[in-house]
Amino acid sequence: MSRPSSAGAGGGGLGTGKASGGKHGGGSGAAAAVAAAAAAAASVGSVAGSVSAAPSSAVSLTTASLPGQTPELTALFECPVCFDYVLPPILQCPGGHLICNSCHQKLSCCRTCRGPLTPSIRNLAMEKVASTLPFPCKYSSAGCLLNLHHSEKPDHEEVCEFRPYTCPCPGATCKWHGSLEAVMPHLMHAHKSITTLQGEDIVFLATDISLPGAVDWVMMQSCFNHHFMLVLEKQEKYEGHQQFFAVVLLIGTRKQAENFAYRLELNGNRRRLTWEATPRSIHDGVAAAIMNSDCLVFDTSIAHLFADNGNLGINVTISMC
Ligand SMILES: [Zn+2]
Ligand SMILES: [Zn+2]
Ligand SMILES: [Zn+2]
Ligand SMILES: [Zn+2]
């Protein structure tokens with residue numbers, strides 16, 4: 001997990017070493033040899049169109065011998081196209097073959113008998129049977145042992161600890177997903193332009209905060225044997241009202257994140273704005289933090305109060321608790 005990263009932690013360096021803004025994955029890799037002061041102030045600007053997409057991975061399901069399970073019955077609910085479960089509202093072709101809702105939307109005829117799928121035909125009897133059965137979590141093959149009523153499945157799967165991790169970089173451009181252990185190697189290979197700073201107390205310098213449109217600034221901070229992702233995002237959460245959102249995410253589980261606290265501080269011109277919170281796990285993602293305003297939120301006027309030559313320095317301190 002050792003990424004060649006610049007030393008030069010600690011404060012200072014504000015207003016020095018203006019890093020060029022560029023898209024993720026582009027630009028020059030942030031190498032070790034950057035001067036300490038410049039490194040402490042380096043950042044990566046990235047223009048992003050939208051927020052991260054929800055994971056769409058289809059982990060193959062097994063119905064084999066889970067406790068409290070009736071495998072023969074639940075197997076009847078397997079979609080013949082995607083092997084996910086066909087759950088209420090349950091649709092079928094005129095020949096009686098079941099098909100799940102997401103496949104039903106994509107297909108015009110039954111994969112088994114070629115019968116038409118419109119108009120939709122519901123199967124109320126199978127819906128009643130489905131309501132009496134426990135279904136395994138979508139991530140059972142990854143280790144989740146939960147069996148749930150179909151109405152509880154989507155909510156659980158959203159927060160299931162066995163759900164694959166998606167790429168934590170903001171913006172919907174990277175479709176990568178995988179295990180937690182694979183996240184750092186992925187970032188090192190696919191997002192080389194993201195700068196990493198060592199130490200619990202660093203300065204995250206976002207350059208050119210006046211860039212128009214939705215913009216992300218991302219960097220990594222390594223301390224306490226963990227990696228944290230610092231994200232500053234400018235976007236219009238409410239129409240016509242641009243805001244900045246700054247948050248720290250742990251490359252780790254929600255449980256691990258509870259061991260830490262972080263502080264973001266804007267300082268300057270005889271003013272100070274501070275936010276303290278528990279880091280979010282990358283399992284939740286940046287979009288969820290912004291959606292819930294669980295981050296440092298400020299508008300463009302405040303950003304300009306603290307900016308220096310169009311660059312905004314954010315002091316980031318991470319501590320264990
Ligand atoms: Zn399907
Ligand atoms: Zn059919
Ligand atoms: Zn689960
Ligand atoms: Zn990625």
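Here are some notes:
- For the stretch 194-320, the calculated P(r) over all alpha carbon pairs, in 5 Å bins from 0 to the bin holding the longest distance, is 2, 11, 23, 25, 20, 12, 5, 1, 0 percent.
- Couplings for the stretch 240-249, taken from phi via the Karplus curve 6.51 cos²θ - 1.76 cosθ + 1.60 with θ = phi - 60°, read x, 10, 7, 9, 9, 10, 10, 8, 10, 10 Hz in order; Gly and Pro are left as x.
- Cβ-Cβ distance of residue 120 and residue 225, R₀ of 51 Å, FRET efficiency by 1/(1 + (r/R0)^6): the value works out to about 0.40.
- With a cut-off of 15 Å between beta carbons, the residues surrounding residue 135 carry a summed charge of -4, where Lys and Arg count +1 and Asp and Glu -1.
- Spatial separation of Cα centroids for the stretch 189-252 and the stretch 267-321, in angstrom: 9
- Taken along the Cα-to-beta-carbon direction at a fixed 7 Å, the label points for residue 241 and residue 254 span 2.8 nm.
- Along the stretch 289-297 the Karplus relation, 6.51 cos²θ - 1.76 cosθ + 1.60 evaluated at θ = phi - 60°, assigns HN-Hα couplings of 4, 5, 3, 8, 6, 8, 6, 6, 10 Hz to successive residues, with x for each Gly and Pro.
- Most to least packed among 242-249, 128-135, 226-233 [average Cβ atoms within 10 Å]: 226-233, 242-249, 128-135
- Computed from phi, the 3J(HN,Hα) profile of the stretch 250-257 under the Karplus parametrisation 6.51, -1.76, 1.60 (θ = phi - 60°) reads 8, 7, x, 7, 4, 4, 4, 5 Hz, with x in place of Gly and Pro.
- Restricting the stretch 84-178 to GluC sites (Glu not before Pro) in coil, as DSSP defines it, with at most 14 other Cβ within 10 Å: 152, 161
- R0 of 45 Å, Cβ-Cβ distance residue 309-residue 177: FRET efficiency to nearest 0.05: 0.70
- Volume in Å³ per residue [convex hull over Cα atoms, computed for the stretch 224-276]: 114
- Sorted into 5 angstrom bins from 0, the C-alpha pair distances of the stretch 70-153 split as 3, 15, 26, 25, 15, 10, 4, 1 percent.
- Length gained on full extension, residue 299 to residue 261, computed as 0.36 nm times the residue gap minus the Cα-Cα distance: 11.3 nm.
- Of the trypsin sites (Lys or Arg not before Pro) found in the stretch 255-299, those that fall in a DSSP loop while having at most 14 other beta-carbon atoms within 10 Å are 270.
- Spin-label model distance (nm) - residue 291 vs residue 158, 7 Å beyond Cα toward Cβ: 0.6
- Using 0.36 nm per residue and subtracting the Cα-Cα separation, the extra length available between residue 320 and residue 109 on full extension is 70.3 nm.
Values quoted throughout were computed directly from the atomic coordinates according to the rules given, and no laboratory measurement underlies them. Being a predicted model, the structure only gives us computed values, none of them experimental. Heads up, the Cβs are rebuilt from the backbone with ideal geometry, glycines too, and the neighbour counts pull from every protein chain shown.
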